[in-house]
1. Restricted to region 238-259, and to residues that are outside any helix (DSSP H, G or I) and of a type in the set (D, E, K, R), which residue is farthest from residue 294 (Cα to Cα)?
2. From the residues in region 426-440 that are of a type in the set (Ser, Thr, Tyr) and either outside any strand (DSSP E or B) or more than 33 Å from the chain's Cα centre (by Cα) (or both), which one is nearest to residue 350 (Cα to Cα)?
3. Which condition from (1) assigned to a helix (DSSP H, G or I); (2) surrounded by 10 or more Cβ atoms within 10 Å (Cβ to Cβ); (3) at pLDDT below 95 is the one that residue 4 breaks?
4. Out of all the residues in region 196-208, is one or more in a loop (DSSP other than H, G, I, E, B) and within 12 Å of residue 242 (Cβ to Cβ)?
5. Please find, within region 373-405, the residue that is surrounded by the most Cβ atoms within 10 Å (Cβ to Cβ) out of those that are of a type in the set (Val, Ile, Thr) and in contact with a Phe, Trp or Tyr (Cβ under 7 Å, 6 or more places away or on another chain).
6. State yes or no: is residue 236 modelled with pLDDT under 95, under 22 Å from the mean Cα position of the chain (by Cα) and of a type outside the set (Ser, Thr, Tyr)?
7. Identify all residues within region 77-102 that are of a type in the set (A, V, I, L, M, F, W, C), more than 15 Å from residue 191 (Cβ to Cβ) and buried (at least 20 other Cβ atoms within 10 Å of the Cβ); write none if there are none.
8. Checking residue 104 against (1) closer than 26 Å to residue 192 by Cα; (2) touching a residue at least 40 places away in the same chain (Cβ under 8 Å): exactly one of these is not met. Which one?
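The values are calculated or read from the model by the stated rules, or taken from the named source; none is laboratory data. This is a predicted model, so every value here is computed, not measured. As a convention, Cβ positions derive from the backbone with ideal geometry for all residues, glycine included, and neighbour counts pool all protein chains shown.
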Amino acid sequence: MPTIPGNTARRALRSVLVTLFAALVPLLATTILAAPTASARPARTAAAPTAALTEVTGFGANPSNLQMYLYVPDSVTANPAVVVAVHYCTGSGPAMYQGTEWASLADRYGFVVVYPSVTRASKCFDVSSPQALKRGGGSDPVGIKSMVDWVTRTYSADTGRIFATGISSGAMMTNVLLGDYPDVFAAGAAFAGVPFGCFATTDGSEWNSACSGGTVTHTPQEWGALVRAAYPGYTGTRPRMQVWHGTQDDVLRYPNFGEEVKQWTNVLGVSQTPAATDTPVSGWTRTRYGATGDRAPVEAISLQGVGHNLYTNGMAARALTFFGLDSSGPAPQPQPGACKVTASTSAWSTGLTASVTITNTGTTSINGWQLGFTLPAGQSITNGWGATYAPASGSVTATNASYNGTLAPNASVSVGYQANHSGNSAAPTAFKLNGTACTG
């Protein structure tokens, strides 16, 4: 066999390699397309350490340079719920972690806690700029939404169980988050806040003195319209809201509490007349709107004689109950299975007094009650005892007093009223207790 000179051999080898590479390229392309590598799949962010507060960076769009702190318990569940805990002015994510019991509750129930942290000098969240008060507007709410998205990707979080809570500035941000992102949050709990849009400014100021002073008032429809304008065209489910306020708040005055109730009852389409009123703790008045159970659409807790710094240990657990994260199911408190009402009147020429006894004949306690009935034509209530009565004539609702809102099984409560009449002095004959028809 003849030998091939060196240069000729190298040229022949190069020709063979080029031909071989040309043949392999289509095969490699087919292999890559047929079997995606890890880089071709959706990226999954590395999880944070458990049982420790961890700062997460690079979590997504963050136009106002917020910091993200995260707490993941050792016992984190599959598809966990997420609670966003928002700090007060001068505070921080780590301060919120240290000063509230959300982390210990996460240890117990297996959810994840996000602690957003402001880096601007005031350490207050932006709840006033036009950018903050609209979906995707380019301020703090966008960064917080990115934090939620990061947790959802990383831990396959349950998107139907994402909640917001906060104190003072964080409470105001809770209102804002629920307005901007009603499709993200299932419920919120705001401790000493103001309604969505109340703190709005257009001059770059972070502070609205009229709102903080409790002088900004609107009709329920007007308040509701501000929320709806944050996400025009949204027709989905709206998040439930729990609000807390002290009657002696000298930073965000107490009238803001009532304005929040007006706003969120309108947004959620429920009556401003409480469905239930009770006193879970001495000095507290809790009203529920739209339903009587632990997961009513709107729940409001007023703290008599308490100032702005109202938050104390134990309150987060009550918010957790409102969220529905401390039990295995989302069902509200059981409603009365049966009830009995007896009523009688004692009349004179143009007036009468009525005695009404309500008995819980069901098997579960009733915590907060409303008794509905219709007065005979020509009767009008002038005063009452044991309950508040509204309106004075026609279809009347009697709402429990602070001291008699709980009815154990087989327990009774007696109430009464005085009324004028124009000839018919009969007692009502049909009653409904929290919507359940009672026997006579």
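1. At the first step, the residues of region 238-259 found to be outside any helix (DSSP H, G or I) are 238-254.
With the extra rule that they be of a type in the set (D, E, K, R), the set shrinks to 238, 240, 249-250, 253.
Numbers: 238: 17, 240: 11, 249: 26, 250: 29, 253: 27 Å.
The qualifying residue farthest from residue 294 (Cα to Cα) is 250.
2. Narrowing region 426-440 to residues of a type in the set (Ser, Thr, Tyr): 429, 436, 439.
Narrowing further to those that are either outside any strand (DSSP E or B) or more than 33 Å from the chain's Cα centre (by Cα) (or both): 429, 439.
On the way: 429: 20, 439: 29 Å.
Selected residue: 429.
3. (1)
4. First pass over region 196-208, keeping only residues in a loop (DSSP other than H, G, I, E, B): 196-208.
Those still in the list that are within 12 Å of residue 242 (Cβ to Cβ) too: none.
Scanning region 196-208, I find no residue that is in a loop (DSSP other than H, G, I, E, B) and within 12 Å of residue 242 (Cβ to Cβ), so the answer is no.
5. Let us first name the residues in region 373-405 that are of a type in the set (Val, Ile, Thr), namely 374, 381-382, 388, 396-397, 399.
So of that shortlist, the ones also in contact with a Phe, Trp or Tyr (Cβ under 7 Å, 6 or more places away or on another chain) come out as 381, 396.
On the way: 381: 18, 396: 21.
If we take residues in region 373-405 being of a type in the set (Val, Ile, Thr) and in contact with a Phe, Trp or Tyr (Cβ under 7 Å, 6 or more places away or on another chain), then 396 is surrounded by the most Cβ atoms within 10 Å (Cβ to Cβ).
6. Details: modelled with pLDDT under 95: yes; under 22 Å from the mean Cα position of the chain (by Cα): yes; of a type outside the set (Ser, Thr, Tyr): yes.
Yes; evaluated as a whole, the condition is true for this residue.
7. So in region 77-102, the residues of a type in the set (A, V, I, L, M, F, W, C) come out as 78, 81-86, 89, 95-96, 102.
Restricting the remaining residues to those that are more than 15 Å from residue 191 (Cβ to Cβ) gives 78, 81-82.
81, 82, listed by residue number.
8. (2)
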